[in-house]
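Participant: Encoded as structure tokens, here's the structure I'll be asking about.
The values are calculated or read from the model by the stated rules, or taken from the named source; none is laboratory data. Keep in mind the model is a prediction, meaning the values are calculated, not measured. Note that each Cβ is placed from the backbone with ideal geometry, even for glycine, and that neighbours are counted across all protein chains shown.
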Amino acid sequence: MGENSSLALTGVGVCLPIITIVIAFANLIGMGGAPLFSIKRGEGNEKEAEAILGNSVTLLVIFGLCLTVVGLIVKRPLLYLLGASENTIEYANSYITIYLLGNVFVMMSLGLNSFINAQGFGKTGM
């Protein structure tokens, strides 16, 4: 029982670089769009602010779908490249498959958090 648990944790650990890439893309879009959004709102230009928010949401969805598709296609060789062994590949494969299927939602929540903060709702963003 204990051996299974350590193998499963190792499988999850192998997936962390992939998860970090997803987080990086979400932050790239969120932290890039939120200051522009905030500037336009501060200028009183709500229409442009809404356009920036809309473009950011669109980019988050597109990048989320692209990362999901690419990730699902290359996951097994990528997991081996990241250090998975024959003992841990099934755990890593199961974990990353579930994670990638929810990838768009992860990217939306991480990327839009910057916009919540940009509107002055710091407590909500936390």
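Participant: Condition check: of a type outside the set (K, R) and at pLDDT 95 or above. Does L112 satisfy that?
Facilitator: no
Participant: Under 9 Å between Cβ atoms, which residue pairs at least 6 apart in sequence (or on different chains) link something in segment 73-84 that is surrounded by fewer than 14 Cβ atoms within 10 Å (Cβ to Cβ) with a partner that is assigned to a helix (DSSP H, G or I)?
Facilitator: Close Cβ pairs (under 9 Å, with a partner that is assigned to a helix (DSSP H, G or I)) amount to G83/T10; G83/G13; G83/V14.
Participant: Here's another thing I want to ask about it. Only residues that are in contact with a Lys or Arg (Cβ under 7 Å, 6 or more places away or on another chain) and surrounded by 17 or more Cβ atoms within 10 Å (Cβ to Cβ): list them for segment 47-72, please.
Facilitator: A49, I52
Participant: On to the next question. Can you tell me how many residues within segment 90-126 are surrounded by fewer than 16 Cβ atoms within 10 Å (Cβ to Cβ) and within 12 Å of C15 (Cβ to Cβ)?
Facilitator: Going through segment 90-126 one residue at a time, the tally reaches 3.
Participant: Just to check your reading of the model, which residue among G33, G13, G44 is not in a helix (DSSP H, G or I) and not β-branched (V, I, T)?
Facilitator: One residue alone meets the criteria, G44.
Participant: Moving on to the next point. Any residue at all in segment 21-29 that's surrounded by fewer than 18 Cβ atoms within 10 Å (Cβ to Cβ) and not in a helix (DSSP H, G or I)?
Facilitator: Taking every residue of segment 21-29 in turn, none turns out to be surrounded by fewer than 18 Cβ atoms within 10 Å (Cβ to Cβ) and not in a helix (DSSP H, G or I).
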